[in-house]
1. How much length, in nm to one decimal, is gained on full extension between LYS122 and ALA461, taken as 0.36 nm per residue of separation minus their Cα-Cα distance?
2. So what is the relative contact order for the chain, in percent, with contacts set as C-alpha pairs under 8 Å and at least six apart?
3. Using the Kyte-Doolittle scale, find the helices of the chain whose mean hydropathy is at least 0.0 and whose Cα atoms extend 15 Å or more along the helix's long axis, counting only whole DSSP H runs.
4. Counting Lys +1, Arg +1, Asp -1, Glu -1, what net charge surrounds LYS460 among other residues with beta carbon under 11 Å of its beta carbon?
5. So the label point goes 7 Å from the Cα of ARG439 along Cα→C-beta, right? Which residues of region 489-504 then have their backbone N under 14 Å from it?
6. Please identify which residues in region 287-303 have an amide N closer than 20 Å to a label point set 7 Å out from the Cα of ASP371, following the Cα→Cβ vector.
7. List, in the order given, every pair from LYS99/LYS122; LYS11/LYS368; LYS99/LYS299; LYS54/LYS408; LYS11/LYS400 whose Cα-Cα distance in the structure shown is over 25 Å.
8. For region 16-97, what Kirkwood radius comes out of the mean inverse Cα-Cα distance, in Å?
Amino acid sequence: MTRQITGDIFKEMIINGAAAIDQHKREINELNVFPVPDGDTGTNMCLTMNAGAKALDESSPGTIGRAADLAASALLRGARGNSGVILSLLFRGIARHLKDLDTADAFDIAGAISAGVDSAYKAVMKPAEGTILTVSRMAAGAAVTKSEQEDDIETVLQHALGVGYEALDDTINQNPVLKKAGVIDAGGKGYLYILEGMLGALRGERLEFTSDTSADTDTQKADFSDFSDADIKFAYCTEFIIDHKLRRDVNHLRDFLDMRGDSIVVVDDDTIIKVHVHTNDPGVVLTEALTYGALLSVKIENMKEQHTEKLVEAAAQTNAAEPVELKPFAIVAVCAGEGMRGVFTELGADSIIYGGQTMNPSTEDILKQIDAAPSDTVLVLPNNKNIIMAAQQCVRLSDKTVVVLPSKTMPQGVSAMIAMDPSATAEENAAAMTEAIGRVHTAQLTYAARDSEFDGHHIKAGDYLALLEDSLVATGHDTITLINAVAAALSQFSPEFVTIFTGVDVSAETADEVLRRLTQALPSAEVSVIDGGQPVYYLMISAE
C-alpha cells in the first residue's frame with residue numbers, strides 16, 4: 001500500500017517505466033499499421049522515456065514536483081516521433097500539476113495523470129479516437145474516480161490500467177485504419193506498459209533495461225582535438241541496432257561495411273546486431289542494414305562538423321567571437337540520402353538534419369540546428385509526418401521565431417524550397433512554401449518489413465509496396481508492375497511536373513525504365529529523374 005509519493009519514489013517510477021517500455025519496444029514496433037520499415041513507435045517511446053530516466057538517474061530531485069519537472073523537460077527534449085512527443089506532453093501536464101508539491105497522494109497523482117491528458121489533447125491539432133490519447137484519457141478518468149474512493153495509490157493505478165486496457169482493446173473498432181490492419185493502437189499499448197512499470201516500482205519491482213539500451217545513453221564520444229579535418233577519411237560516425245529476426249549471416253554485413261568504411265564494430269547476440277562504423281554514405285549502410293531486420297535505433301554524427309565545432313570552441317576561449325551577419329530568415333530541413341542533402345543545400349537550405357523514416361530526429365536535435373541557424377527567424381521543413389510534432393515543440397523551446405512548415409515527404413520539401421524567394425519576407429515565404437507543399441502528391445516504393453493483411457491485400461515480408469500518400473496502391477514482386485499502378489494513380493491529378501527521386505542502389509537502367517514508363521503514362525507532364533540516394537524508399541515520385 002502506498003499513500004504518499006516522494007521525489008525519490010517518483011524517480012524510481014520513471015526509471016522503471018522507461019525499463020518497461022524498453023523491454024516491450026519490439027512488440028510495440030510490430031503494431032504498425034503499414035508493414036513498411038518504419039515500425040518505430042516502440043523505439044521512439046523508449047528513447048523518449050529513456051531521456052527522462054537518464055536525467056533523473058543523474059539527479060537527487062528531493063520533491064516530487066522537482067522530479068516530475070526534471071523528467072518532463074528531458075522527455076520533451078528527447079522526444080522522437082509523434083508517439084514520443086505525445087508521451088512527453090502527457091508527462092509535461094503531470095509535471096505542471098505536481099510542480100508545487102513536496103509529496104503527492106492518490107488524488108494528486110490521479111489529477112496529475114488527468115492534467116497530462118489535457119496537455120496532450122490541447123497540443124494535438126486534430127485528436128483522433130482509437131489512439132494513445134483515447135487510452136490515456138480513459139485511464140486518467142478511471143484514476144480520478146477511484147482516487148475519490150481510495151487513498152492507496154497502487155489501487156488507483158491498478159484500476160486505471162484495467163480501464164486503460166479495455167480502452168486499448170476497443171481502439172481497433174474506433175480507428176478505421178487500425179480496423180483494416182487488424183491491430184490495436186501501438187502508442188496506447190506503450191503508454192500502458194509505462195504505467196505498469198511505474199506501478200511496479202511502487203510494489204518493489206525493479207525492471208532491467210535490455211542490453212541495447214545502454215548504447216542509447218552511454219555512447220562514448222570521439223575526441224577530435226588531436227587531428228585535422230583532412231585526417232577524417234570517413235565523415236559520418238554511424239551507429240545503429242538491428243532486430244535480427246531475419247537471421248542473415250552477419251559476416252556478410254561485416255564484409256559490406258569493410259568495403260565502405262572503417263572503425264567497424266559489429267556485435268551479434270542472436271537477437272540484435274549492434275553496429276558502429278565510420279562511413280561517407282550512411283544511407284547506403286542503413287539500407288543494407290534493413291535487409292537484416294528492423295532498425296531499433298540509429299545515431300549519425302558528422303565528425304568533420306564535430307571537429308570544426310571543437311576548433312571554433314577552442315578559438316572562442318582565446319579570441320573574441322567574430323560578429324555573425326544574420327539573414328532575414330533561415331531554413332532547416334530534415335532529409336536522408338546524400339543526393340537529397342545536395343538538393344536541399346543547392347536550393348538554399350541553411351542546415352540539414354539527417355533523418356526521416358526509421359530515423360526520427362529528436363526535438364533537441366532539431367532545436368540545436370534552429371538555435372545555430374544564422375537568423376532570428378527559422379523555417380523548418382520536417383519532410384516526414386512523424387517528425388512534424390517533434391519540430392513543433394521547438395516553437396516554444398527556442399528564443400527564435402520558429403515556423404514549422406507542414407511538409408510530410410521529402411519531395412514536398414523540395415517543392416517548398418523551389419517556391420522559396422530569398423528577397424521575400426519570412427511570412428511571405430512561409431505562405432508560398434506552404435502553398436507549394438499542398439500542390440504535391442507523393443508516391444513511394446518500398447518493401448514490406450513483415451507479413452501483414454491490409455485493406456484486402458495479403459502482404460508478405462520482402463514484397464514491394466507502392467504507396468500514394470497514406471494509401472496502399474499495389475503490392476507484389478515486380479517493381480515495374482507497381483510503377484504502372486503508381487502511374488495510373490497519379491494520372492487522376494493531371495500533373496504538370498513529375499520528379500523521380502531514386503534511392504540507394506537503384507541502377508541507371510531501372511531509373512531509365514521508370515522514366516520511360518511514367519513519361520508514356522503521363523504524356524502531358526514534364527518528367528525528370530534526380531539521384532536522391534535515400535534509404536528505405538527505392539523510389540519517391542513527386543507529382544504536382
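1. Working: separation 339, 0.36 × 339 = 122.04 nm, distance 3.81 nm.
Between LYS122 and ALA461, full extension yields 118.2 nm more.
2. Once divided by the residue count of the chain, the mean separation gives 13 percent.
3. Those that clear 15 Å and a mean of 0.0 are 41-57, 64-78, 81-98, 106-123, 132-147, 153-174, 186-202, 426-438, 479-491.
4. Working: positive: ARG450; negative: ASP451, GLU453, ASP463.
Charge balance near LYS460 sits at -2.
5. Label zone hits: 494-499.
6. Residues 300-303 qualify, since their backbone N sits under 20 Å from the label point.
7. LYS11/LYS368; LYS99/LYS299; LYS54/LYS408; LYS11/LYS400
8. Roughly 12.8 Å, rounded to one decimal.
Values in this text are rule-based calculations from the coordinates and carry no lab data. Source: prediction; values computed, not measured. Neighbour counts run over all protein chains shown; Cβ positions are idealised from the backbone, glycine included.
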